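Note sheet for the following structure.
The values are calculated or read from the model by the stated rules, or taken from the named source; none is laboratory data. Since the model is a prediction, treat every value here as computed from it, not as a measurement. Please note: Cβ atoms are built from the backbone with ideal geometry, for glycine as well, and neighbour counts cover all protein chains shown.
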Ligand SMILES: *Cc1c(COP(=O)(O)O)cnc(C)c1O
């Protein structure tokens, strides 16, 4: 028997979350953001659940190629644009739309020979200060780009730094909308947080929204709102089993560095999942794990292949009991159990994004399709 650790991809959750994105912007088109191999879920594995989107947004030409191999004929947007002039040949060949965020990318386009002019998204830096033209430089970049024979339609795009936070998007949105006011072209502003929190305003929704993390069922603004608040469902479950149970006496210690000391006799469970699987090594004692659907705390240090949990709350647990690291747990008395990835991430001082992206190659993945009939 293989090691019991496995990741499950829930196609029904992807379908549901995409629909949820649509209800927040019914009049906009949706880019499903699938960068970083679909946030660790696997582009091929999420395709079936997300192919109802209007386009896919990502960073790597190799990932765009994989979408074309899946026979996706619709729009694909490179969110960072091209990294060197030769990439433009791939854009022409694969029909990729690309962000243009700096003068060098305009220079390369001006030198590019193509039969088909490119659809580009000109990026404005409205305060994030990573990519894009400042409002002061934007209009001349737009004019220069629009004049190129290599360019078809120019759309306008910006990205918010604080859409998940109380400080919000007002200043950035204002800078973007006022600078673009009399420029033609479709607009795209919203990531998941902006879509969920700020897209009541049609000007903010724009023509294209760009949800990422919400499609995978994590909340972009946890702990202020959890995924259940936004009616999102986890697209990934990471689950395993107990492979050993230890009976500790008071004074016994657990694992590397003897980080945990039992203060009473207790049962300890050993779960087949460790940092080599992508479970964060810095997960502290108290990080929740479900054992047969019952919440128990992690104790001691996360090791490469195993973690250890306190079984006091799960007296029935034994070797072979199901361990849910995040996602959907087994039913208890007909009731679904759930361990939100955001909650695990929060214990570890990070965000759901990082955990889902980090699930490692060695973890086998199974795609669960919705039942028909
Ligand atoms: C990653 C990314 C998104 C999606 O962000 P989420 O917070 O995952 O919704 C949207 N736009 C751009 C430019 C991005 O890089």
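Below is a table of values for the structure above.
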| item | result |
| --- | --- |
| Selection count, the range 118-150, where residues are in contact (Cβ under 8 Å) with a residue 24 or more places away in the chain, farther than 15 Å from residue 77 by Cα and either surrounded by 18 or more Cβ atoms within 10 Å (Cβ to Cβ) or over 23 Å from the mean Cα position of the chain (by Cα) (or both) | 17 |
| Number of the exception - residue 343 against (1) in a helix (DSSP H, G or I); (2) surrounded by fewer than 22 Cβ atoms within 10 Å (Cβ to Cβ); (3) within 16 Å of the ligand (Cβ to nearest atom) | (3) |
| Failed item in (1) away from the ligand (no atom under 12 Å from the Cβ); (2) free of Cβ contacts under 8 Å to residues at least 40 places away in the same chain; (3) surrounded by fewer than 19 Cβ atoms within 10 Å (Cβ to Cβ), with residue 48 passing the rest | (2) |
| Filter pass, residue 334 being assigned by TED's automatic domain parsing to the domain that holds residue 281 and either within 30 Å of residue 252 (Cα to Cα) or touching a helix residue (DSSP H, G or I) at 6+ places or on another chain (Cβ under 7 Å) (or both) | no |
| Top-ranked residue of the range 213-223 - restricted to ones that are part of a loop (DSSP other than H, G, I, E, B) and surrounded by 24 or more Cβ atoms within 10 Å (Cβ to Cβ), ranked as nearest to the ligand (Cβ to nearest atom) | 220 |
| Residues of the range 98-117 satisfying the condition of being touching a strand residue (DSSP E or B) at 6+ places or on another chain (Cβ under 9 Å) and free of Cβ contacts under 8 Å to residues at least 40 places away in the same chain | 98, 101, 102, 103, 105, 112, 116, 117 |
| Residue match in the range 356-371 (condition: closer than 24 Å to residue 45 by Cα, within 16 Å of the ligand (Cβ to nearest atom) and buried (at least 19 other Cβ atoms within 10 Å of the Cβ)) | yes |
| Residues located in the range 195-212, provided they are near the ligand (Cβ under 8 Å from one of its atoms) and more than 21 Å from residue 47 (Cβ to Cβ) | 195 |
| Exclusive hit being out of contact with any strand residue (DSSP E or B) (no Cβ under 8 Å at 6 or more places or on another chain), in the same structural domain as residue 209 (by TED's automatic domain parsing) and within 12 Å of the ligand (Cβ to nearest atom), set 62, 32, 38 | 38 |
| Elements of type strands (runs of 3 or more DSSP E) in the range 74-126, at least 3 residues being away from the ligand (no atom under 14 Å from the Cβ) | 118-124 |
| Residues of the range 192-204 classified as surrounded by 20 or more Cβ atoms within 10 Å (Cβ to Cβ) and in contact with a helix residue (DSSP H, G or I) (Cβ under 8 Å, 6 or more places away or on another chain), total | 6 |
| Only listed residue being closer than 22 Å to residue 130 by Cα, crowded, with 21+ Cβ neighbours inside 10 Å and at pLDDT 95 or above, chosen from 41, 24, 101 | 101 |
